[in-house]
């Protein structure tokens with residue numbers, strides 16, 4: 001896997017996590033609203049599938065598939081059923097934050113390796 005592909009996958013994952021954090025905040029903010037339906041964000045399966053090597057793939061083909069991944073926002077329950085569970089929303093926010101920090105750390109180390117390779121020392 002090339003450094004460009006790793007960066008593209010991590011970038012898309014960060015985009016998805018950003019959307020998830022915004023949706024989670026919206027769910028919490030509207031927890032007491034009448035007729036509010038909490039939303040969920042999904043992107044991991046689509047990103048995993050896009051990044052998977054297929055027979056005859058070129059690096060550019062994989063990059064193009066990864067670039068096309070968009071986070072999906074959906075309402076898992078019938079519209080109008082206010083079932084915001086604050087404990088679940090807080091757990092989602094915490095997990096999202098941890099994943100975000102892990103990806104930022106990974107990208108930072110990756111860039112440090114590239115910088116070291118360019119400097120030659």
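The values are calculated or read from the model by the stated rules, or taken from the named source; none is laboratory data. Given the structure is predicted, the values throughout are model-derived calculations rather than measurements. Virtual Cβ from ideal backbone geometry, glycine too; neighbours counted across all protein chains shown.
Here the stretch 22-52 is the region considered, the condition is being loosely packed, with under 11 Cβ neighbours inside 10 Å and within 21 Å of the chain's Cα centre (by Cα), and the residue that is nearest to residue 86 (Cα to Cα) is 45. Within the stretch 28-71, the set of residues being more than 24 Å from residue 88 (Cα to Cα) and assigned to a loop (DSSP other than H, G, I, E, B) comprises 52, 53, 54, 55, 56, 57, 58, 68, 69. If you go through the stretch 72-86 and keep only what is in a loop (DSSP other than H, G, I, E, B) and either out of contact with any helix residue (DSSP H, G or I) (no Cβ under 7 Å at 6 or more places or on another chain) or at pLDDT 95 or above (or both), you end up with 75, 76, 77, 78, 79, 80, 81, 82, 83, 85.
Within the stretch 23-42, being in contact with a helix residue (DSSP H, G or I) (Cβ under 7 Å, 6 or more places away or on another chain) and in contact (Cβ under 8 Å) with a residue 60 or more places away in the chain holds for 24, 27, 28. Of all residue pairs spaced 6 or more apart or on separate chains, those with beta-carbon atoms under 7 Å, a first member in the stretch 94-121 that is over 19 Å from residue 15 (Cα atoms) and a second member that is surrounded by 12 or more Cβ atoms within 10 Å (Cβ to Cβ) are 114/3.
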